[in-house]
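Derivation of every value follows stated rules applied to the coordinates shown; laboratory data play no part. Nothing here was measured: the structure is a model prediction, and the numbers come from that model. So basically every Cβ, Gly included, is an ideal-geometry build from the backbone, and we count neighbours across all protein chains shown.
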Amino acid sequence: MVELGVFPASSNSTIFIRVLPDSGASTDAIPAAMFLSHFKHVKLIEGGPNAVTATGAAISSLDHFAATLSWSSGSSLPVATTIHVLRDLQQHVLSKASQKQFGMLPAQYPHSCMLAAVMSPPLPASTPIDDAMATLRVLMAECPLCSL
């Protein structure tokens, strides 16, 4: 969970909420109950997605509103988005697109190559460079999108 500031376009105040970054979510969304308790002063715009849960169950939309999101723990740049108000949503979610804009996910996600630092035994000083390159190629084979 991350805390975000939500500044609705039709409002003059920022409301802070905790949301779940969901890399499978295609929309930024809040439950209807949260809208009624925190954003009832915000005018909704008609229309919404045909949302479904990860299990394929339909979730009905109560419309949406434009907002700017801010994340104090990460990128200092605000993210303009549309927040959908969904009737049976259980948890506020932050979409994959918004996560990428905040830098929570790499821009190429899910097709990016994540590297890890691995400590290997030091090579003896007498090891030829060709042997080191062969070892490096074997290690890099674990991540085929990366190349030497």
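Summary of values
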{"quantity": "Summed residue charge, Cβ within 13 Å of Thr81's Cβ, Lys/Arg positive, Asp/Glu negative", "calculated": "+1"}
{"quantity": "Amide H contacts of Leu89 (H built 1.01 Å from N, under 5 Å, at least 5 apart or other chain)", "calculated": "Ala32"}
{"quantity": "Electrostatic dipole magnitude of segment 2-66 [Cβ: Lys, Arg +1; Asp, Glu -1; Cα centre; debye, to 20]", "calculated": "160"}
